[in-house]
Amino acid sequence: MTGYLFDFYGLSLEARPSGALWLAAARCLVVADLHLGKSERLARRGGPLLPPYEGLATLSRLEAEVQALSPEMVVSLGDGFDDMAASEALDPQVLAKLGKLGHGRDWIWIGGNHDPQAPQGLGGRSLEELHFGPVTLRHELGQGPDISGHFHPVVRLAGERRRAFILGRDHLLLPAFGAYTGGLLHDDPALHRLVPQGLAIACGTRAIVLPLGVAGAGRRRR
Amino acid sequence: MSLPPKLMGWFTRQGWQPHPHQLALLEAEGDSLLVAPTGGGKTLAGFLPSLVELSALQDGYLDNGESRARGVHTLYVSPLKALTADIGRNLARPVAELGLGIRVEDRTGDTNQARRRRQRVDPPEILLTTPESLALMLSYPEAPAIFGGLRRVVLDELHALAESKRGDQLMLGLARLRQMAPELRVTGLSATVEDPVALANFMAGAAPVRIVEADPGPEPDIAMLATARPPPWSGGGGHYAVPEVLEAIRGANTTIVFINTRAQAELFFQALWAANDDNLPIGLHHGSLAHEQRVKVEAAMAAGELRAVVATGSLDLGIDWGAVDLVIQVGAPKNVKRLVQRIGRANHRYNAPSKARIVAANRFEQIECVAALEAVAARDLDGDPRGAGPLDVLCQHILLIACAGPFDADRLYAEVVTAGPYRALSRADFDACLDFAATGGYALRAYDRWQRLMQRDGFWRLRDPRASQLLRMNVGTIVEAEMMKVRLRGRGGAPLGEVEESFAASLEPGDSFLIGGRTVRMDALREMVVEVTPQPTANPKIAVFSGVKLATSTQLSHRVLALVGHPERHDLLPAQTRDWLALQAEVSLLPQPDLLLSETFPHGGLSHFALYGFAGRNALQTLGLLLTRAMEEQGLGPLGFLSTDYALLVWSIDPVLDPDPLLDIERLRAGLGDWLASNAVMKRTFRNVATVAGLIQRNMPGLRKSGRQATFSSDILYDTLRKYDPEHLMLRITAEEAGRGLVDFGRIEEMLARSPHRAHQVLDRVSPLAAPLLLEVGRVPIRGEGRERLARIEAEELMREAGLEALL
């Protein structure tokens, strides 16, 4: 897997093709919007009974990153759980996997709108924000420079949608890492307003960088 | 039962004589199926027994001694909302003139809430509805009270309903009705079909159905419409024929102009008006128009205010506009049966010949039209046998039955197997569907606490009764692309219709497009509504509706190939088409019934491979998937393909020089397994199946507004299931459904078997026969190494254009 290396306010970063962010100097792996327990929450509310495997699918991908990079710190950038009850009702297999992944490293749960409180009995620390130099890591974009999740950004590339990092002057947005997550196109006003120009780094078998906010960019089709 | 004097008198006053088949239905003791050409007085025949019974009721008794109807007496089900409204109008007259004192009401997706609520407590004697609305009504706890006294069911346009899952859903509903009201008698009404016995078995319950066939009537007057200009090379517009079509409309009383897709109907309507110097009143009717717009057109048509209406399949079925005396079909009809049924719409009078003219949209379609005319003259109808009832429809049925109240699994199984399409359903399959409905049916992990259905005291019931709202919101077996409403800007702006979400997403504010025959400018996209302002402009974008694409039937394809391959028969074709085929014969070769032709040529910097298989678009699509797999293995870098009814076109980075190893039948069959499972066609089929079965919900209260990141693609569910639960019921149903329809591997085998000879032409440019293919839409991308290469190249180009090479 080939990532995209770039600097952001003095931090050397790698946008991984998986959608995770790697801060090499701090040996810190950041993933946003895992949404663990989503299928359980929908079922609880009388909705459809989705295949209850998204936790396994999501953590298997995270496990691959952990094995590849051996991080000292793993940060869940908010919305790690689909809601607080879901964090308490995780499948034993998912719990075991989470325990194994967190073993021997600093694990940080940053609160998101779906999981504002600290998850109980899962280990790790819970924080509102985290700082690396001038850069704040938080769930939802605020005063820059910051690194955030929340929007599940995607871009159009070669006729299809891909999950993507969005890199503006003061903001870096991460794609959702969770298996059962949709995406918001960068052209959507809610997202475009916040980061009108910059770069997108599309996920896939390798990270592909493309410009945003350039006329015609991201709108071509083949 | 015979026609009582009161009704006979009414017939006489209309100046009518009952048709023999109308009387035959009246005499039928059990269930019957009436097969009659359009205009045979079918609908009246269907209602006659009800009118006789209700008139007897008026006189104070029923033959079972009851003195008043309990709940609904007659239920009428039609595939179209428009049809129920039309039938309501037509019935109003006899009901009033006979003084029956009964209510006739419709109940469709368009019926308002207040009326729906009232109908549940105080149902009318005659209820007119659609399969979806019937399924919905059967999900109410009041269903036994509404339908317990039901005496008659009329199934209109049964041939059309039987073509889709709507028919399966209807038959499950009918099985339930027969359980609730054992005295029920069912009458099916059908246009001319190739196999009436199969249709009778489809609608039958425990007892056999009697088939009544009406006199097919005189030969239709049908021909190609002569035009001054030749048709274009590709596309489905037919605009070149506008002057002649207008002339034909002028010469007729009332005309229906049938066009195959909604987008084409919009454009043709626009083109007609642009040339309509006499201001002939011409309307537009298709399924994506706002309800209000459709009703207006239907009313104007019924009142004789329109000289013509441009319509899609939304008017395929029997709305009775007696004044229609000409049908014009623009575009190839794809199958002969449908053409015959459409022709029948002209001269909606029994025993008068129908007049119809056909406009081929492009050169290739000219051949297909000529072949279709030959088939009509030979009364050679086409059709494929219907498969067993699909399990996704059964899953939905089980969930909706649970909404009505607790049920016993053994009794429900016994009821389901009385429905025609489910007669051969095994108990194991039924139990698998029940398990899916109850628990999701997952192998590795169960929702023990959050099951949808729980078994208590031997009865299955909803765990959370509130779930019924969500389930009812998702009734139906037709899964369409996500649509967005289009409204005029401003508070309370008038609704104009719907466009596909993907089309809406491609619009920028200021872009113009066509909807409802007018050009509008897109202003904003707000909460899943496209806001627009009227703006006449020369070059609007066109709204794209991905309606169901019918494959040309096997029989018609064979006729087309026989015509193409025999130059001595080319005299039947228009001169320009003859010249085109002659040029093809000169530059390359003509495909023959026993010769499979393929060509390789460069175009636009990529290699193209064209195969003239004449096997229908579904089979050729499957072949496209399998061929590109083999090409990927050979390192040719396939990027995508498209299939039409007659040919397959694949484009790749490197050329196909020897197709023989690619077309090896064993190799193709081997590819059916894994490669097919991971492709876009299967994912589309899965989306359909999972939506019908209730795994994916189309409609969620309040969720649509919260932004798109809340919903995720069904592809993710498909991939997850394949990885963690490959034996899951949804995957099994998907494979079955794809094998039956979209995959159509049988036709690939047939194509290879009937073509003992092969010819591969390596050309230095596009051949005459291939040229129209390059202009076709509906391309399927291939996600292989070729695509990755292309994505990187495209992104790099963009970075360079933006002056950002340094960042690469």
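Per residue of B:792-804, how many C-beta atoms from partner chains lie within 10 Å of its own C-beta, taken as a mean? Mean partner shielding for this stretch: 6.
Grab the beta carbon distance between B:Val295 and A:Arg161, set R0 = 41 Å, and tell me the FRET efficiency rounded to 0.05. So, using R0 = 41 Å, E works out to roughly 0.60.
Beta bridges assigned by DSSP with both partners in chain A are antiparallel in approximately 60 percent of cases. Here segment B:5-213 is treated with +1 on each Lys and Arg Cβ and -1 on each Asp and Glu Cβ, and its dipole about the Cα centre works out to around 680 debye. With a Förster radius of 25 Å applied to the C-beta separation of B:Ala582 and B:Asp380, the computed FRET efficiency comes to 0.35.
Here the average projected area of the convex hull drawn through the C-alpha atoms of segment B:221-377 stands at 8.5 nm². Shown here: chain B, whose C-alpha atoms stretch 86, 69, 60 Å along the first, second and third principal axes, sorted largest to smallest. In a simple Cβ point-charge model (Lys, Arg +1; Asp, Glu -1; nothing else charged), the protein assembly as shown has a dipole of about 1860 debye relative to its Cα centre. Net length available on complete extension from B:Asp594 to B:Asn112 is 167.7 nm, with 0.36 nm assigned per residue and the Cα-Cα distance removed. For segment B:5-213, with all protein chains in place and a probe radius of 1.4 Å, 52% of the accessible heavy-atom surface sits on carbon or sulfur. For segment B:360-427 versus segment B:100-125, the spacing of their alpha-carbon centroids is 28 Å. Taking 0.36 nm per residue of sequence separation and removing the Cα-Cα distance, the B:Asp660/B:Glu796 pair yields an extension gain of 45.3 nm. The interface between chain A and chain B buries about 4400 Å² of solvent-accessible area in total (1.4 Å probe, ligands and nucleic acids excluded). Cross-link check: pairs B:Lys337/B:Lys723; B:Lys355/B:Lys485; B:Lys81/B:Lys337 evaluated at a Cα-Cα cut-off of 31 Å; pairs beyond the cut-off: B:Lys337/B:Lys723; B:Lys355/B:Lys485. Averaged per residue, chain A has 37 square angstrom of accessible surface, using a 1.4 angstrom probe with ligands and nucleic acids left out. Give the residue from B:Ala582, B:Pro218, B:Gly148 lying farthest towards the positive end of the charge dipole for chain B; charges sit on Cβ (+1 for Lys and Arg, -1 for Asp and Glu) and the dipole is referred to the Cα centre. Toward the positive end, the furthest listed residue is B:Gly148.
Remark: spin-label model distance B:Glu213-B:Arg89 equals 3.4 nm, labels positioned 7 Å along the Cα→Cβ axis. For chain A, what D do you get in µm² per second when you plug the Kirkwood radius from alpha-carbon pairs into Stokes-Einstein at 25 °C and 0.890 mPa s? Calculated translational D: 140 µm²/s. Counts of other chain beta carbons within 10 angstrom of each beta carbon in peptide A:177-185 average 4.
Once C-alpha pairs closer than 8 Å and six or more residues apart are averaged by separation and normalised to the residue number of segment B:133-252, the relative contact order reads 21 percent. Based on C-alpha pairs under 8 angstrom that are at least 6 apart in sequence, chain B has a relative contact order of 11 percent. Accessible surface calculations at 1.4 Å, restricted to protein heavy atoms, place segment B:221-377 at 33 Å² per residue. Taking the C-alpha atoms only, the angle from helix B:5-14 to the longest principal axis of chain B is near 50 degrees.
Here the label points at A:Glu72 and B:Val479, each 7 Å from Cα along the C-beta direction, are separated by 4.9 nm in the simple model. The Cα-based radius of gyration of the protein assembly as shown, divided by its Kirkwood radius, gives an Rg/Rh of 0.98. Counting only DSSP beta bridges whose two residues both lie in chain B, roughly 40 percent are antiparallel.
Distance between the 7 Å Cα→Cβ label points at B:Glu568 and B:Ala274: 4.5 nm.
Per-residue mean of foreign Cβ neighbours for B:712-720 is 5 (Cβ atoms of other chains, 10 Å radius). What's the carbon and sulfur percent of segment B:221-377's accessible surface, probe 1.4 angstrom, rounded to a whole number? Of the solvent-accessible surface of segment B:221-377, carbon and sulfur hold 52 percent.
Of interest is the spacing of the C-alpha centroids, which for segment B:223-288 and segment B:582-613 amounts to 32 Å. Placing unit charges on the Cβ atoms only, positive for Lys and Arg and negative for Asp and Glu, gives segment B:221-377 a dipole magnitude near 300 debye about its Cα centre. Between segment B:433-448 and segment A:1-46, the alpha-carbon centres lie 32 Å apart. To the nearest ten degrees, helix A:54-69 and the longest principal axis of the Cα atoms of chain A are 70 degrees apart.
Rounded to 0.05, the FRET efficiency of the B:Leu774 and B:Ala494 pair, given R0 = 35 Å and the Cβ-Cβ distance, is 0.30.
The values are calculated or read from the model by the stated rules, or taken from the named source; none is laboratory data. Quantities reported herein were computed from a predicted structural model and do not represent experimental measurements. Here the Cβ is made from the backbone with ideal geometry for all residues, glycine too, and neighbour counts use every protein chain on show. Please note that ligands, DNA and RNA were not included when accessible areas were found on the heavy atoms of the full protein model with its side chains. Shrake-Rupley method; radii C 1.70, N 1.55, O 1.52, S 1.80 Å.
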